[in-house]
Amino acid sequence: MHYKLLLILLAFSKIKPKGDRSPLFASNPHHPNAFKPSSLVATIAPSSFVASIAIAPSPLIAFLALALALALAFALASAFTSSRFYPPHRNLLTRRYVVAKPSTSDPFSTTNPARPVKSVSASGRPLRRAVACFGNIATILYDAQMLEKDPYDDDETIRRMFEEEEYTLEEEDKFLDQKRADERNYEANLLLHHLLPGLAAKKATLAAEDLNAWIQTVQRGANTGRAEDFGKVTKLVANWINDDISKNVADICAFDYTPAVYETNEHGDQVLIKKHAPYLVPDDRRGRGTKHDITGALLSSVEVDWADESTRQKIDAGRQDFAPNYYVRALYAGFRGDPNDVEKGFLKSRYLLRTVSAIFLTSTEVEDGDDDSENQPPAKKPTKKRSSTRKTCAELAGLNGKITGRAIAYGAVQLYLSLTTVYQWAEVYGGVSLPQMYDFLVDYFEEPAPNSAARKRVDDLLQWWNTRLFKTHAASASTYRPSRNSRAALRAQRAALEPSNRE
């Protein structure tokens, strides 16, 4: 701006009148220096910005001439400074949408330069949710490669080996546990190749150093996504528990053993007032864990008598385990389970259902699946939300309208850790190993043999989840049931009409 002011002042200093503005000549039109309309000319030299203007004695004409000079000087100054200091190629509105083409030699770039570049770190965000909550991705790939080179024998051969070599029960269990761990890891390897389409090509073409750097970048993205989910679930769990406390929901408030106290009312009488457990702070995990009646009950196994005050005192003092197994109350329908029938209501907790929905569908408005629904407040009417073209985490994780055991196990670990007092993502709390809990839950879904009764119960459990999470998805259990029933009826009718069956 100061360049323009300088040029305007320069133009003022170079104005030269061609006539005399004295009133003596204004009354004599024949005087040589008298003003004539034809003498009102202005010549401006672009190189030096010198203005030569004939100025009339009339104030109005003088004002018009001055305005014209100022306008011309300002226009020239603007044109000069724009071309000198702001060239056209510096236009931010045009540069904002220019996308640089990635280098094909860069191992971190996409193979199709015409498509927008997706961050390598971003491509790893679904991996903890759908593949493996814990573990090193490079180790998963390496162990799977070793298993391909030296696979296990079939089950019958392994059974004969146990008999011929006289394995003890402990040795058999140890062998089978290792076999299951290798199979679980290999399944994770297959999911990695499914969610990272370029993984196989990179393994074949990149040098070891470049491949390792690429894998580490992917893993950082996976860990970042897991940490963000942890922060989200931590706040949600606090809100759910606080809401249930304020509404005096029976299944949650049954764990509240805060003693009643006497208070004086307005009439001066002593009244026994039932106090409730402290509300949780959504952004702070302090005050949770086993020192809080409700979170402590949810963290403990169903076989632990949480109603016994001495038991709570022992757990608080660290003299008794609060979770000797992974059948914890937080994962059960109604937060209650039967130690003699551990599968009844297991993994049907409404908090777990909301957690998985919040992670994969970014919504907690799902149908709660607790069996004792009569103790629950009426569900809120879902609000209409603006449709979005962004993919949900479920789509990015390749769920395609069907929940997986690994996704449920991931949500269970997130829920459990959010009930504790840890200040950041951890693998152990109070002697409970979270990686081992995750592996146990994954095996709960994946280990049962095909066509077995256990497989049927697991499939029914997955169907229960699908009907609540993916009600309108084409691949969900609820929308698939009519097609399945129709096909079954058609097969039965066609079989009955076969000539061989009518004889």
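The values are calculated or read from the model by the stated rules, or taken from the named source; none is laboratory data. For clarity, every value in this text was computed on a predicted model and none was experimentally measured. Positions of Cβ are backbone-derived with ideal geometry, glycine not excepted, and every protein chain shown enters the neighbour counts.
For the reader, a short list of remarks on this structure follows.
- Residue within the stretch 267-281 that is acidic (Asp, Glu) and over 26 Å from the mean Cα position of the chain (by Cα) present: yes
- Which numbered condition Glu263 fails, given (1) modelled with pLDDT of 95 or more; (2) in a strand (DSSP E or B): (1)
- Residue list for the stretch 208-260, restricted to those being assigned by TED's automatic domain parsing to the domain that holds Leu419, part of a helix (DSSP H, G or I), touching a residue at least 24 places away in the same chain (Cβ under 8 Å) and among the acidic types (Asp, Glu): Asp229, Asp251
- Taking the listed residues Pro435, Pro450, the one that is under 19 Å from Arg184 (Cα atoms) and either crowded, with 23+ Cβ neighbours inside 10 Å or without any contact (Cβ under 8 Å) to a residue 60 or more places away in the chain (or both) is Pro450, with no other qualifying.
- Every residue from the stretch 296-309 that is in a loop (DSSP other than H, G, I, E, B) and in contact with a helix residue (DSSP H, G or I) (Cβ under 7 Å, 6 or more places away or on another chain): Ser300, Val302, Val304, Asp305, Trp306
- Residue list for the stretch 408-446, filter: more than 21 Å from Ile294 (Cβ to Cβ), modelled with pLDDT of 95 or more and in contact with a Lys or Arg (Cβ under 8 Å, 6 or more places away or on another chain): Tyr410, Asp439, Val442, Asp443, Phe445, Glu446
- Enumeration of residues in the stretch 215-273 that are of a type in the set (Ser, Thr, Tyr) and closer than 21 Å to Asp284 by Cβ: Thr234, Ser246, Thr258
- Selection count where residues are touching a Ser or Thr at 6+ places or on another chain (Cβ under 7 Å) and closer than 17 Å to Phe335 by Cα, scope the stretch 217-240: 1
- Per the conditions (1) modelled with pLDDT of 95 or more; (2) touching a Leu at 6+ places or on another chain (Cβ under 9 Å), the sole criterion not satisfied by Ala297 is (2).
- Among the criteria (1) of a type outside the set (Phe, Trp, Tyr); (2) within 35 Å of the chain's Cα centre (by Cα); (3) surrounded by fewer than 16 Cβ atoms within 10 Å (Cβ to Cβ), the one Ala260 does not fulfil is (2).
- The condition of being surrounded by 10 or more Cβ atoms within 10 Å (Cβ to Cβ), in contact with a Ser or Thr (Cβ under 8 Å, 6 or more places away or on another chain) and modelled with pLDDT under 75 holds for only one of Ser483, Ser476, that being Ser476.
One line per residue, one yes/no per condition, for (1) on the phi < 0 side of the Ramachandran plot; (2) at pLDDT 95 or above; (3) not in a helix (DSSP H, G or I):
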{"site": "Thr104", "(1), (2), (3)": "yes, no, yes"}
{"site": "Thr110", "(1), (2), (3)": "yes, no, yes"}
{"site": "Pro113", "(1), (2), (3)": "yes, no, yes"}
{"site": "Lys118", "(1), (2), (3)": "yes, no, yes"}
{"site": "Cys133", "(1), (2), (3)": "yes, yes, yes"}
{"site": "Thr139", "(1), (2), (3)": "yes, yes, no"}
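- Filter pass, Ser301 being in the same structural domain as Ala412 (by TED's automatic domain parsing), among the polar types (S, T, N, Q) and within 27 Å of Trp465 (Cα to Cα): yes
- Annotation: of all residues in the stretch 266-292 being charged (D, E, K, R) and buried (at least 18 other Cβ atoms within 10 Å of the Cβ), the one that is nearest to Lys247 (Cα to Cα) is Arg288.
- Yes/no for Leu199 being farther than 29 Å from Arg350 by Cβ, outside the structural domain of Arg354 (by TED's automatic domain parsing) and surrounded by 18 or more Cβ atoms within 10 Å (Cβ to Cβ): yes
- First in the stretch 276-289 and in the same structural domain as Phe230 (by TED's automatic domain parsing) and within 16 Å of Val422 (Cβ to Cβ), second anywhere and in a loop (DSSP other than H, G, I, E, B) and among the aromatic types (Phe, Trp, Tyr), Cβ under 7 Å, 6 or more apart: Arg285/Tyr423
Residue-wise test of (1) loosely packed, with under 15 Cβ neighbours inside 10 Å; (2) part of a loop (DSSP other than H, G, I, E, B).
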residue: Thr311; (1), (2): no, no
residue: Asp316; (1), (2): yes, no
residue: Pro324; (1), (2): yes, yes
residue: Lys348; (1), (2): no, yes
